[in-house]
Amino acid sequence: MPQYKVKVKWGKECYPDIEVNTEEPPLLFKAQLFALTGVQPERQKVMIKGLTLKDSDWDNFKLKDGVTILLMGSKEEDVPKEPVEKTVFVEDMNESELATAMDLPAGLTNLGNTCYMNATVQCLKVVPELREALQNFQGGVAAAGSVIPAQSITAALRDLYSSMDKGNNIPPIVLLQVMHMAFPRFAEKNEHGGFSQQDANECWTELIRISIIDQYFGGTFDVELKCVEAEDEPVSKSKEQFLQLSCFISQDVRYMHSGLKNKMQEQLTKKSSTLDRDAVYIKTSKISRLPAYLTVQFVRFYYKEKESINAKILKDVKFPLDFDAFDLCSSELQEKLAPVRAKFKEWEDAQLELAAKEKDKNRGDVKVKEDKEYAPYWFENDLGSNNSGYYTLQAVLTHRGRSSSSGHYVGWVRQAGDNWIKCDDDNVSPVTTEDILKLSGGGM
(Lines give C-alpha, C1' and ligand atoms only; values in the text may rest on other atoms or scores of the structure.)
Protein backbone atom coordinates (compact mmCIF):
# COMPACT_ATOMS: atom_id res chain seq x y z
CA MET A 1 0.00 0.00 0.00
CA PRO A 2 1.58 3.38 -1.03
CA GLN A 3 1.75 5.08 2.36
CA TYR A 4 4.24 7.79 3.31
CA LYS A 5 5.12 9.87 6.34
CA VAL A 6 5.64 13.49 5.34
CA LYS A 7 6.22 16.89 6.95
CA VAL A 8 3.58 19.61 6.38
CA LYS A 9 4.65 23.26 6.68
CA TRP A 10 1.91 25.87 7.07
CA GLY A 11 3.15 29.38 7.76
CA LYS A 12 5.16 29.20 10.99
CA GLU A 13 3.61 25.86 11.92
CA CYS A 14 5.25 22.53 11.11
CA TYR A 15 3.54 19.14 11.41
CA PRO A 16 5.90 16.13 11.27
CA ASP A 17 5.06 12.47 10.53
CA ILE A 18 1.75 13.08 8.76
CA GLU A 19 0.56 9.85 7.14
CA VAL A 20 -0.48 10.02 3.48
CA ASN A 21 -2.13 7.17 1.58
CA THR A 22 -2.10 7.77 -2.19
CA GLU A 23 -4.67 5.02 -2.75
CA GLU A 24 -7.22 7.39 -1.22
CA PRO A 25 -8.46 10.49 -3.11
CA PRO A 26 -6.50 13.74 -2.53
CA LEU A 27 -9.63 15.30 -1.04
CA LEU A 28 -9.26 12.91 1.90
CA PHE A 29 -5.72 14.23 2.54
CA LYS A 30 -7.04 17.80 2.33
CA ALA A 31 -9.70 16.89 4.88
CA GLN A 32 -6.88 15.57 7.09
CA LEU A 33 -5.09 18.92 6.73
CA PHE A 34 -8.33 20.71 7.62
CA ALA A 35 -8.51 18.70 10.87
CA LEU A 36 -4.93 19.83 11.66
CA THR A 37 -5.07 23.48 10.63
CA GLY A 38 -8.69 24.57 10.32
CA VAL A 39 -8.13 25.62 6.69
CA GLN A 40 -11.15 24.55 4.63
CA PRO A 41 -10.23 22.20 1.71
CA GLU A 42 -11.47 24.70 -0.90
CA ARG A 43 -9.07 27.32 0.57
CA GLN A 44 -6.04 25.00 0.50
CA LYS A 45 -3.19 25.14 -1.96
CA VAL A 46 -0.99 22.08 -1.37
CA MET A 47 2.41 22.20 -3.07
CA ILE A 48 5.59 20.17 -3.39
CA LYS A 49 8.59 21.53 -5.33
CA GLY A 50 6.39 24.03 -7.17
CA LEU A 51 3.74 21.48 -8.17
CA THR A 52 0.15 21.89 -6.91
CA LEU A 53 -1.89 18.91 -5.74
CA LYS A 54 -5.04 18.28 -7.82
CA ASP A 55 -8.36 17.28 -6.27
CA SER A 56 -8.79 14.40 -8.71
CA ASP A 57 -5.54 12.42 -8.55
CA TRP A 58 -1.93 12.20 -7.33
CA ASP A 59 -0.38 11.90 -10.81
CA ASN A 60 1.77 15.06 -10.64
CA PHE A 61 2.57 14.72 -6.94
CA LYS A 62 5.63 12.55 -6.30
CA LEU A 63 5.89 11.61 -2.63
CA LYS A 64 8.51 9.91 -0.51
CA ASP A 65 9.06 9.52 3.22
CA GLY A 66 10.26 12.70 4.94
CA VAL A 67 9.46 15.07 2.07
CA THR A 68 8.18 18.56 3.02
CA ILE A 69 4.75 19.60 1.72
CA LEU A 70 3.85 23.28 1.71
CA LEU A 71 0.27 24.24 2.65
CA MET A 72 -0.98 27.71 1.72
CA GLY A 73 -4.35 29.08 2.84
CA SER A 74 -6.07 30.90 5.68
CA LYS A 75 -8.65 29.78 8.18
CA GLU A 76 -12.04 31.30 7.49
CA GLU A 77 -11.92 33.41 10.66
CA ASP A 78 -8.52 34.83 9.62
CA VAL A 79 -9.74 36.11 6.25
CA PRO A 80 -10.29 39.92 6.39
CA LYS A 81 -13.91 41.01 6.06
CA GLU A 82 -15.34 44.10 4.50
CA PRO A 83 -16.03 46.77 7.12
CA VAL A 84 -19.50 47.48 5.72
CA GLU A 85 -21.88 44.60 5.06
CA LYS A 86 -23.74 44.99 1.79
CA THR A 87 -27.40 44.06 1.49
CA VAL A 88 -27.87 40.75 -0.32
CA PHE A 89 -31.30 39.62 -1.49
CA VAL A 90 -32.34 35.98 -1.08
CA GLU A 91 -32.60 35.42 -4.83
CA ASP A 92 -28.98 36.56 -5.22
CA MET A 93 -27.57 34.28 -2.50
CA ASN A 94 -25.59 31.15 -3.22
CA GLU A 95 -26.34 27.90 -1.32
CA SER A 96 -23.85 28.67 1.46
CA GLU A 97 -25.21 32.21 2.02
CA LEU A 98 -28.79 30.92 1.97
CA ALA A 99 -27.94 28.27 4.58
CA THR A 100 -26.44 30.92 6.89
CA ALA A 101 -29.35 33.37 6.43
CA MET A 102 -31.95 30.68 7.14
CA ASP A 103 -29.99 29.24 10.08
CA LEU A 104 -29.57 25.89 8.33
CA PRO A 105 -27.30 23.28 9.95
CA ALA A 106 -23.88 22.32 8.61
CA GLY A 107 -23.50 19.86 5.76
CA LEU A 108 -20.95 17.05 5.43
CA THR A 109 -18.38 16.77 2.63
CA ASN A 110 -18.60 13.65 0.49
CA LEU A 111 -15.17 11.98 0.74
CA GLY A 112 -15.86 9.57 -2.11
CA ASN A 113 -19.07 7.50 -1.96
CA THR A 114 -19.58 8.43 1.72
CA CYS A 115 -23.12 9.80 1.26
CA TYR A 116 -24.45 6.72 3.10
CA MET A 117 -22.57 7.79 6.26
CA ASN A 118 -23.33 11.52 5.84
CA ALA A 119 -27.09 10.90 5.57
CA THR A 120 -27.03 8.55 8.57
CA VAL A 121 -25.13 11.06 10.74
CA GLN A 122 -27.57 13.86 9.83
CA CYS A 123 -30.63 11.72 10.69
CA LEU A 124 -29.17 10.65 14.05
CA LYS A 125 -28.38 14.26 14.92
CA VAL A 126 -32.09 14.97 15.59
CA VAL A 127 -32.07 12.72 18.69
CA PRO A 128 -31.57 15.06 21.70
CA GLU A 129 -30.80 12.18 24.07
CA LEU A 130 -27.92 11.13 21.81
CA ARG A 131 -26.54 14.67 21.67
CA GLU A 132 -26.68 14.98 25.45
CA ALA A 133 -25.03 11.61 26.04
CA LEU A 134 -22.26 12.44 23.54
CA GLN A 135 -21.55 15.77 25.24
CA ASN A 136 -21.12 13.95 28.55
CA PHE A 137 -18.86 11.26 27.06
CA GLN A 138 -15.27 11.68 28.27
CA GLY A 139 -13.44 9.10 26.11
CA GLY A 140 -11.27 9.86 23.10
CA VAL A 141 -10.41 8.32 19.73
CA ALA A 142 -7.95 5.45 20.20
CA ALA A 143 -4.69 5.39 18.23
CA ALA A 144 -4.57 3.51 14.91
CA GLY A 145 -3.93 -0.19 15.45
CA SER A 146 -5.49 -0.17 18.94
CA VAL A 147 -8.95 1.00 17.96
CA ILE A 148 -11.74 0.38 20.48
CA PRO A 149 -14.78 0.53 18.14
CA ALA A 150 -17.45 1.76 20.55
CA GLN A 151 -15.22 4.33 22.28
CA SER A 152 -13.56 5.65 19.11
CA ILE A 153 -16.77 5.96 17.09
CA THR A 154 -18.60 7.60 20.02
CA ALA A 155 -15.76 10.12 20.48
CA ALA A 156 -15.52 10.81 16.74
CA LEU A 157 -19.29 11.35 16.46
CA ARG A 158 -19.22 13.69 19.49
CA ASP A 159 -16.41 15.77 17.99
CA LEU A 160 -18.08 15.85 14.57
CA TYR A 161 -21.39 17.13 15.97
CA SER A 162 -19.49 19.73 17.99
CA SER A 163 -17.80 20.97 14.80
CA MET A 164 -21.10 20.96 12.89
CA ASP A 165 -22.70 23.13 15.58
CA LYS A 166 -20.31 25.93 14.56
CA GLY A 167 -22.16 26.17 11.24
CA ASN A 168 -19.54 25.35 8.59
CA ASN A 169 -19.60 22.35 6.27
CA ILE A 170 -17.32 19.65 7.67
CA PRO A 171 -15.32 16.78 6.09
CA PRO A 172 -16.07 13.85 8.47
CA ILE A 173 -12.55 12.46 8.11
CA VAL A 174 -12.00 11.13 11.65
CA LEU A 175 -15.37 9.36 11.86
CA LEU A 176 -14.77 7.79 8.45
CA GLN A 177 -11.34 6.52 9.51
CA VAL A 178 -12.56 4.91 12.74
CA MET A 179 -15.53 3.39 10.89
CA HIS A 180 -13.07 1.86 8.42
CA MET A 181 -10.98 0.44 11.27
CA ALA A 182 -13.96 -0.87 13.22
CA PHE A 183 -15.87 -2.22 10.19
CA PRO A 184 -13.41 -3.06 7.36
CA ARG A 185 -16.20 -3.70 4.85
CA PHE A 186 -16.91 0.05 4.79
CA ALA A 187 -13.30 0.57 3.58
CA GLU A 188 -13.72 -1.64 0.48
CA LYS A 189 -12.48 -0.11 -2.78
CA ASN A 190 -14.12 -0.18 -6.21
CA GLU A 191 -12.44 -0.94 -9.53
CA HIS A 192 -11.41 2.71 -9.88
CA GLY A 193 -9.54 2.72 -6.58
CA GLY A 194 -12.08 4.87 -4.70
CA PHE A 195 -14.33 3.83 -1.83
CA SER A 196 -17.23 1.54 -2.77
CA GLN A 197 -20.80 2.62 -2.13
CA GLN A 198 -22.16 1.06 1.08
CA ASP A 199 -25.61 0.35 2.50
CA ALA A 200 -26.86 3.19 4.74
CA ASN A 201 -29.04 0.76 6.68
CA GLU A 202 -25.95 -1.27 7.65
CA CYS A 203 -24.22 1.94 8.72
CA TRP A 204 -27.26 2.98 10.80
CA THR A 205 -27.47 -0.45 12.45
CA GLU A 206 -23.78 -0.52 13.38
CA LEU A 207 -23.90 2.99 14.84
CA ILE A 208 -27.03 2.20 16.88
CA ARG A 209 -25.67 -1.17 18.06
CA ILE A 210 -22.64 0.45 19.70
CA SER A 211 -24.51 3.59 20.72
CA ILE A 212 -24.37 4.74 24.34
CA ILE A 213 -28.18 5.16 24.22
CA ASP A 214 -29.15 1.94 22.43
CA GLN A 215 -32.08 1.49 24.87
CA TYR A 216 -33.79 4.41 23.09
CA PHE A 217 -33.78 2.49 19.77
CA GLY A 218 -34.15 -1.17 20.77
CA GLY A 219 -37.44 -3.00 21.19
CA THR A 220 -38.60 -6.52 22.07
CA PHE A 221 -40.88 -9.03 20.32
CA ASP A 222 -42.92 -11.74 22.02
CA VAL A 223 -42.68 -14.59 19.50
CA GLU A 224 -44.90 -17.67 19.16
CA LEU A 225 -44.05 -20.57 16.83
CA LYS A 226 -46.91 -22.95 15.96
CA CYS A 227 -46.49 -26.10 13.84
CA VAL A 228 -49.20 -26.26 11.17
CA GLU A 229 -48.67 -29.98 10.49
CA ALA A 230 -48.70 -31.20 14.11
CA GLU A 231 -51.62 -29.86 16.14
CA ASP A 232 -50.47 -31.61 19.33
CA GLU A 233 -47.01 -30.03 19.25
CA PRO A 234 -46.79 -27.36 22.00
CA VAL A 235 -46.53 -23.72 20.88
CA SER A 236 -42.96 -22.46 21.29
CA LYS A 237 -42.66 -19.05 23.00
CA SER A 238 -39.59 -16.79 23.06
CA LYS A 239 -38.42 -13.19 23.01
CA GLU A 240 -36.45 -11.44 20.24
CA GLN A 241 -34.70 -8.08 20.33
CA PHE A 242 -34.92 -5.62 17.42
CA LEU A 243 -33.30 -2.31 16.45
CA GLN A 244 -35.73 -1.67 13.60
CA LEU A 245 -39.00 -2.91 12.14
CA SER A 246 -39.01 -4.20 8.57
CA CYS A 247 -41.66 -3.14 6.08
CA PHE A 248 -41.63 -5.84 3.39
CA ILE A 249 -42.99 -4.69 0.04
CA SER A 250 -45.22 -7.08 -1.88
CA GLN A 251 -47.66 -6.48 -4.72
CA ASP A 252 -50.57 -5.72 -2.37
CA VAL A 253 -48.67 -3.45 0.06
CA ARG A 254 -49.50 0.23 -0.49
CA TYR A 255 -49.01 1.59 3.03
CA MET A 256 -46.24 1.20 5.60
CA HIS A 257 -48.63 -0.11 8.26
CA SER A 258 -49.77 -3.07 6.15
CA GLY A 259 -46.16 -3.90 5.23
CA LEU A 260 -45.28 -4.02 8.94
CA LYS A 261 -48.30 -6.18 9.83
CA ASN A 262 -47.47 -8.69 7.08
CA LYS A 263 -44.04 -9.21 8.67
CA MET A 264 -45.60 -9.83 12.11
CA GLN A 265 -47.05 -13.14 10.93
CA GLU A 266 -45.03 -15.23 8.51
CA GLN A 267 -44.67 -18.83 7.40
CA LEU A 268 -41.39 -20.70 7.69
CA THR A 269 -40.01 -24.24 7.49
CA LYS A 270 -37.99 -25.86 10.30
CA LYS A 271 -37.29 -29.24 11.88
CA SER A 272 -40.22 -30.51 13.93
CA SER A 273 -39.30 -32.46 17.07
CA THR A 274 -42.71 -34.16 16.97
CA LEU A 275 -42.61 -35.25 13.32
CA ASP A 276 -38.81 -35.66 13.16
CA ARG A 277 -38.72 -33.87 9.80
CA ASP A 278 -39.01 -30.40 8.29
CA ALA A 279 -42.48 -28.95 8.73
CA VAL A 280 -44.35 -25.69 8.14
CA TYR A 281 -44.66 -23.27 11.07
CA ILE A 282 -46.52 -20.01 11.60
CA LYS A 283 -44.37 -17.42 13.38
CA THR A 284 -46.37 -14.68 15.12
CA SER A 285 -44.58 -11.65 16.59
CA LYS A 286 -46.05 -9.00 18.89
CA ILE A 287 -44.13 -6.04 20.29
CA SER A 288 -43.72 -6.25 24.09
CA ARG A 289 -41.41 -3.22 24.38
CA LEU A 290 -41.60 -0.13 22.19
CA PRO A 291 -38.47 2.07 21.95
CA ALA A 292 -38.60 5.84 22.24
CA TYR A 293 -37.35 6.13 18.64
CA LEU A 294 -38.79 3.59 16.23
CA THR A 295 -36.74 2.87 13.10
CA VAL A 296 -38.62 1.40 10.12
CA GLN A 297 -36.69 -0.06 7.21
CA PHE A 298 -38.45 -0.29 3.86
CA VAL A 299 -37.02 -3.53 2.45
CA ARG A 300 -36.59 -2.40 -1.16
CA PHE A 301 -33.49 -4.39 -2.15
CA TYR A 302 -33.53 -8.05 -3.18
CA TYR A 303 -30.83 -10.24 -4.73
CA LYS A 304 -31.19 -10.69 -8.48
CA GLU A 305 -29.32 -13.90 -9.20
CA LYS A 306 -29.06 -13.49 -12.96
CA GLU A 307 -27.30 -10.10 -12.76
CA SER A 308 -25.68 -10.87 -9.35
CA ILE A 309 -26.80 -7.54 -7.88
CA ASN A 310 -29.11 -6.25 -5.15
CA ALA A 311 -31.91 -4.86 -7.30
CA LYS A 312 -34.45 -2.34 -6.06
CA ILE A 313 -38.26 -2.39 -5.73
CA LEU A 314 -39.53 1.02 -6.85
CA LYS A 315 -43.16 0.53 -5.74
CA ASP A 316 -44.82 3.56 -4.09
CA VAL A 317 -45.52 2.78 -0.41
CA LYS A 318 -47.03 5.60 1.66
CA PHE A 319 -45.81 6.45 5.15
CA PRO A 320 -47.51 8.79 7.67
CA LEU A 321 -46.19 11.82 9.52
CA ASP A 322 -47.80 10.42 12.70
CA PHE A 323 -47.85 6.69 13.41
CA ASP A 324 -49.73 4.61 15.98
CA ALA A 325 -48.06 1.25 16.77
CA PHE A 326 -50.81 0.08 19.18
CA ASP A 327 -52.17 -2.82 17.11
CA LEU A 328 -48.64 -4.22 16.59
CA CYS A 329 -48.25 -4.70 20.35
CA SER A 330 -48.95 -7.63 22.66
CA SER A 331 -52.12 -7.50 24.78
CA GLU A 332 -49.99 -6.98 27.90
CA LEU A 333 -48.23 -3.95 26.41
CA GLN A 334 -51.54 -2.56 25.07
CA GLU A 335 -52.88 -2.64 28.63
CA LYS A 336 -49.81 -0.73 29.87
CA LEU A 337 -50.18 1.87 27.09
CA ALA A 338 -53.85 2.54 27.87
CA PRO A 339 -53.47 5.17 30.67
CA VAL A 340 -51.27 7.58 28.67
CA ARG A 341 -53.37 7.07 25.53
CA ALA A 342 -56.44 8.02 27.59
CA LYS A 343 -54.72 11.26 28.60
CA PHE A 344 -54.01 12.02 24.93
CA LYS A 345 -57.70 11.44 24.15
CA GLU A 346 -58.78 13.73 27.01
CA TRP A 347 -56.49 16.49 25.78
CA GLU A 348 -57.73 16.15 22.17
CA ASP A 349 -61.37 16.23 23.31
CA ALA A 350 -60.69 19.34 25.40
CA GLN A 351 -59.08 21.08 22.41
CA LEU A 352 -62.08 20.25 20.20
CA GLU A 353 -64.49 21.54 22.82
CA LEU A 354 -62.48 24.76 23.23
CA ALA A 355 -62.35 25.23 19.45
CA ALA A 356 -66.12 24.83 19.20
CA LYS A 357 -66.72 27.42 21.93
CA GLU A 358 -64.34 29.91 20.35
CA LYS A 359 -65.96 29.42 16.94
CA ASP A 360 -69.43 30.09 18.34
CA LYS A 361 -68.15 33.13 20.21
CA ASN A 362 -66.40 34.69 17.23
CA ARG A 363 -68.65 33.21 14.49
CA GLY A 364 -65.70 32.20 12.39
CA ASP A 365 -62.60 30.12 12.22
CA VAL A 366 -60.02 30.83 14.89
CA LYS A 367 -56.72 29.31 15.81
CA VAL A 368 -56.90 27.61 19.20
CA LYS A 369 -53.99 28.30 21.50
CA GLU A 370 -52.48 24.99 22.51
CA ASP A 371 -51.62 24.94 26.20
CA LYS A 372 -49.71 21.68 26.49
CA GLU A 373 -48.35 20.07 29.61
CA TYR A 374 -45.42 17.75 28.91
CA ALA A 375 -44.95 14.45 30.74
CA PRO A 376 -42.32 11.68 30.40
CA TYR A 377 -42.78 9.56 27.27
CA TRP A 378 -41.25 6.44 28.87
CA PHE A 379 -42.45 4.00 31.54
CA GLU A 380 -41.18 4.87 34.99
CA ASN A 381 -39.06 1.71 35.31
CA ASP A 382 -37.88 1.60 31.68
CA LEU A 383 -35.91 4.64 30.49
CA GLY A 384 -35.90 4.92 26.70
CA SER A 385 -39.22 3.15 26.17
CA ASN A 386 -42.45 4.51 24.68
CA ASN A 387 -45.51 4.59 26.97
CA SER A 388 -48.19 5.60 24.45
CA GLY A 389 -47.54 3.86 21.11
CA TYR A 390 -47.66 7.24 19.31
CA TYR A 391 -44.78 8.43 17.10
CA THR A 392 -44.10 11.56 15.03
CA LEU A 393 -41.80 11.36 12.02
CA GLN A 394 -38.40 12.97 12.71
CA ALA A 395 -36.18 11.90 9.78
CA VAL A 396 -36.19 10.01 6.48
CA LEU A 397 -33.15 8.47 4.80
CA THR A 398 -33.60 7.85 1.07
CA HIS A 399 -31.67 6.17 -1.73
CA ARG A 400 -31.71 7.26 -5.37
CA GLY A 401 -30.59 4.58 -7.82
CA ARG A 402 -31.30 1.04 -9.02
CA SER A 403 -29.02 -1.06 -6.76
CA SER A 404 -27.50 -0.93 -3.27
CA SER A 405 -23.95 -0.87 -4.67
CA SER A 406 -24.52 2.41 -6.54
CA GLY A 407 -26.70 5.52 -6.40
CA HIS A 408 -26.87 8.24 -3.78
CA TYR A 409 -28.19 8.62 -0.21
CA VAL A 410 -29.86 11.75 1.20
CA GLY A 411 -31.09 12.60 4.70
CA TRP A 412 -34.34 14.54 5.28
CA VAL A 413 -34.63 15.92 8.80
CA ARG A 414 -37.34 17.71 10.78
CA GLN A 415 -35.75 20.93 12.04
CA ALA A 416 -38.53 22.43 14.18
CA GLY A 417 -42.32 22.18 14.05
CA ASP A 418 -43.28 21.52 10.44
CA ASN A 419 -39.97 22.81 9.03
CA TRP A 420 -37.83 20.22 7.26
CA ILE A 421 -34.37 20.29 5.71
CA LYS A 422 -32.75 18.22 2.99
CA CYS A 423 -29.19 17.10 3.81
CA ASP A 424 -27.54 16.16 0.52
CA ASP A 425 -23.89 15.88 1.66
CA ASP A 426 -22.65 19.49 1.95
CA ASN A 427 -25.75 20.91 0.25
CA VAL A 428 -28.34 21.67 2.95
CA SER A 429 -31.63 23.28 1.92
CA PRO A 430 -35.15 23.84 3.33
CA VAL A 431 -38.02 21.66 2.09
CA THR A 432 -41.74 21.38 2.84
CA THR A 433 -43.80 18.66 4.51
CA GLU A 434 -45.29 17.94 1.08
CA ASP A 435 -41.77 17.22 -0.22
CA ILE A 436 -41.30 14.67 2.58
CA LEU A 437 -44.54 12.82 1.77
CA LYS A 438 -43.47 12.58 -1.89
CA LEU A 439 -40.54 10.36 -0.84
CA SER A 440 -42.83 7.32 -0.66
CA GLY A 441 -41.63 6.05 -4.03
CA GLY A 442 -38.37 4.08 -4.16
CA GLY A 443 -36.85 6.21 -6.91
CA MET A 444 -35.70 8.94 -4.50
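The values are calculated or read from the model by the stated rules, or taken from the named source; none is laboratory data. These figures come from a predicted structure and were not determined experimentally. We place every Cβ from the backbone using ideal geometry, glycine too, and count neighbours over all the protein chains shown. Keep in mind that these areas ignore ligands, DNA and RNA; they rest on the heavy atoms of the full protein, side chains included. Shrake-Rupley method; radii C 1.70, N 1.55, O 1.52, S 1.80 Å.
Take the cross-link list LYS45/LYS166; LYS75/LYS125; LYS125/LYS189; LYS263/LYS283; LYS62/LYS189 and give me the ones stretching past 18 Å between alpha-carbons.
Where the Cα-Cα span goes over 18 Å, the pairs concerned are LYS45/LYS166; LYS75/LYS125; LYS125/LYS189; LYS62/LYS189.
Just the accessible area per residue of region 98-219, please: how many Å² with a 1.4 Å probe?
Averaged over the residues of region 98-219, the accessible area is 40 Å².
If you add up the charges near LYS239, with Lys and Arg at +1 and Asp and Glu at -1, over every other residue whose beta carbon is less than 12 angstrom from its beta carbon, what do you get?
Neighbour charge sum, excluding LYS239 itself: 0.
What is the calculated FRET efficiency for ASP327 to LEU275, with r their C-beta to C-beta distance and R₀ = 30 Å, to the nearest 0.05?
0.35
When the helix-only estimate is applied to the chain (DSSP H runs of n ≥ 4, each -39,500 (n - 2.57), divided by the residue count), what is the mean residue ellipticity at 222 nm, nearest 500 deg cm²/dmol?
Value at 222 nm, helices only, nearest 500: -8500 deg cm²/dmol.
Near ARG131, within a Cβ-to-Cβ distance under 11 Å, what is the net charge of the other residues, with Lys and Arg +1 and Asp and Glu -1?
Once all neighbours under 11 Å are counted, the net charge is -1.
Hey, quick one: spin label on ASN427, modelled 7 Å out along Cα-Cβ, who in region 161-178 has an amide N within reach, i.e. under 18 Å?
Zone members listed by number: 169-171.
May I ask you to give the percent of accessible area on the chain that is carbon plus sulfur, with a probe radius of 1.4 Å? All intermediate terms of the calculation are to be shown ahead of the outcome.
Working: 12690 of 25240 Å².
So the carbon and sulfur contribution to the accessible surface is 50 percent.
Give the Kirkwood hydrodynamic radius (Å, one decimal) of region 187-277, defined as one over the mean of 1/r across all pairs of different Cα atoms.
Taking every pair of different Cα atoms in region 187-277, averaging 1/r and inverting gives 17.1 Å.
Put +1 on the Cβ of every Lys and Arg and -1 on every Asp and Glu Cβ in region 7-57; which of ALA31, GLY50, VAL8 then has its Cα farthest towards the positive end of the dipole?
Working it through, the farthest residue towards the positive pole turns out to be GLY50.
Just how large is the dipole of the chain about the Cα centre, in debye to the nearest 20, putting +1 at every Lys and Arg Cβ and -1 at every Asp and Glu Cβ?
740
With unit charges on the beta carbon (Lys/Arg positive, Asp/Glu negative), name the residue among ASN190, GLN241, TYR216 whose Cα is farthest towards the positive pole of the charge dipole of region 190-256.
Result: TYR216, furthest along the dipole toward the positive end.
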